[in-house]
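Chemist: Quick one: the structure is below, questions incoming.
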Amino acid sequence: MEKHISVAIDGPSGAGKSTLAKRAAKHFGFIYVDTGAIYRTVGYAAQCAELDSKDAAGVEALLPGLDIRFEYDGTGTQRMLLNGRDVSKEIRTPKSSIYASDAAAMPAVRAYLLEMQRETAKNYDVLMDGRDIGTVVLPDAGLKVFLTASTQARAERRCKELREKGMDTPFEEVLRDIEYRDRQDSSRAAAPLRAADDAVTLDTTDMDFEESFEALKKLIRERFSL
Ligand code: DC
């Protein structure tokens, strides 16, 4: 079977992973898989079911009834479908971010989503972003990048991104949300956020988007001789 290229990009919330990964995937003709959106969709299902965000037994009971799919539009944007409904916008609110982070800490949720992610990488050249792609989901990825930036820089970027999507959220709220998720995503027992031993760290605190994009492109080009 033909071996596909896999690039794993991990890092904390708001490091610019999704924007960069999406652009790089388009540039190289890879599929961009935003795994955070998949966790967000599970979190959103829990929110819709009016469960407490930390109700692990309740969320686990929901899983067999969920039909989660992702598809791509012409621009390479990943749309999330929950039981046939497009929830791509609903999964981005600060409240659903908390639900996503809490759901992502549940081992049953991680196990449920693992195969879906691996299957995609088996069938396509992928650039997959998340928290545990290089450490758990694709330990054999040809390139692993740990993308990070200071907390302040990440909160500023997330605010801008939300504004561009028509959601004006106070900076303090976004900063609190990022700090909460950093703490939880890094300290949880199930697949905590950490750089894989063989990951290349890319700190973009002092880089603008184009500089970060150039640095990522260079890593991919060099690793795969593209
Ligand atoms: O990347 P994001 O902010 O959209 O991710 C939403 C939440 O899901 C975040 O709190 C971390 C979690 N997540 C995870 O635990 N593992 C992944 N592979 C992707 C996201």
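Derivation of every value follows stated rules applied to the coordinates shown; laboratory data play no part. Just so it is clear, the model here is predicted, and its values are computed rather than measured. Ideal geometry is used to build each Cβ from the backbone, glycine not excepted, and the neighbour counts take in all protein chains shown.
Chemist: Could you let me know the centre-to-centre spacing of the stretch 175-226 and the stretch 120-148, using Cα atoms, in angstrom?
Modeler: Comparing the Cα centres of the stretch 175-226 and the stretch 120-148, I get a distance of 11 Å.
Chemist: What translational D, rounded to a whole number of µm²/s, comes out for the chain from Stokes-Einstein when the hydrodynamic radius is the Kirkwood one over Cα pairs, at 10 °C and 1.306 mPa s?
Modeler: Values: Rh = 17.7 Å.
Reported coefficient: 90 µm²/s.
Chemist: Tell me, what ³J(HN,Hα) does each residue in the stretch 110-117 have, in order and in whole Hz, if you take phi through Karplus 6.51 cos²θ - 1.76 cosθ + 1.60 with θ = phi - 60° and put x for Gly and Pro?
Modeler: 5, 5, 4, 8, 4, 4, 4, 6
Chemist: Please identify, among ARG23, ARG40, ARG118, the residue showing maximal mean-square fluctuation in a Gaussian network model of the chain using a 10 angstrom Cα cutoff.
Modeler: Looking only at ARG23, ARG40, ARG118, the largest GNM fluctuation is found for ARG118.
Chemist: With runs of 4+ DSSP H residues as the only contributors, calculate the mean residue ellipticity of the chain at 222 nm using -39,500 (n - 2.57) per run, divided by the residue total and rounded to the nearest 500.
Modeler: Numbers: 8 runs with 108 residues, N = 226.
Roughly -15500 deg cm²/dmol at 222 nm, from the helical runs in the chain.
Chemist: Please rank THR148, THR205, THR93, fewest neighbouring Cβ atoms within 10 Å first, as an exposure proxy.
Modeler: Details: THR148 21, THR205 12, THR93 16.
Going from least to most buried by this count: THR205, THR93, THR148.
Chemist: Continuing with the same structure: As an exercise, take the mean of 1/r over every pair of distinct alpha carbons in the stretch 1-135, invert it, and state the Kirkwood radius in angstroms. Each step should come with its number before you reach the end.
Modeler: Working: mean 1/r = 0.0659 Å⁻¹.
Answer for the stretch 1-135: a Kirkwood hydrodynamic radius of 15.2 Å.
Chemist: Strictly over 25 Å apart at the Cα level, which of LYS17/LYS122; LYS26/LYS218; LYS89/LYS218; LYS95/LYS218; LYS26/LYS54 would you flag in this model? Display every interim value, and only then the final one.
Modeler: Values: LYS17/LYS122 22 Å; LYS26/LYS218 15 Å; LYS89/LYS218 32 Å; LYS95/LYS218 36 Å; LYS26/LYS54 36 Å.
Too far apart for the 25 Å limit: LYS89/LYS218; LYS95/LYS218; LYS26/LYS54.
Chemist: For the stretch 24-103 and the stretch 151-165, write down the distance between their C-alpha centroids in whole Å.
Modeler: 20
Chemist: With charges set only on the Cβ (+1 for Lys and Arg, -1 for Asp and Glu), what does the dipole of the stretch 77-216 come to about its Cα centre, in debye to the nearest 20? It would help to have the intermediate numbers written out before the result.
Modeler: On the way: 21 positive and 27 negative charges, 139 e Å.
I would put it at about 660 debye.
Chemist: Please report the antiparallel percentage of DSSP beta bridges with both residues in the chain, rounded to the nearest 5. Before the final figure, lay out each step's value.
Modeler: On the way: 7 of 24 bridges.
Restricted to the chain, the bridges split so that about 30 percent are antiparallel.
Chemist: Give me the net charge of TYR44's neighbourhood, meaning all other residues with Cβ under 11 Å from the Cβ of TYR44; Lys, Arg count +1, Asp, Glu -1. Don't skip to the answer; put the middle values down first.
Modeler: Numbers: positive: ARG40, ARG85, LYS89, ARG92, LYS95; negative: GLU90.
Taking every Cβ under 11 Å from that of TYR44, the sum is +4.
Chemist: Another question, then. Using the per-residue mean of other Cβ atoms lying within 10 Å as a proxy for protection, in what order, highest first, do the peptides 180-189, 95-104 fall?
Modeler: On the way: 180-189: 14.7, 95-104: 23.2.
Taking the mean over residues of other Cβ atoms within 10 Å, the ranking is 95-104, 180-189.
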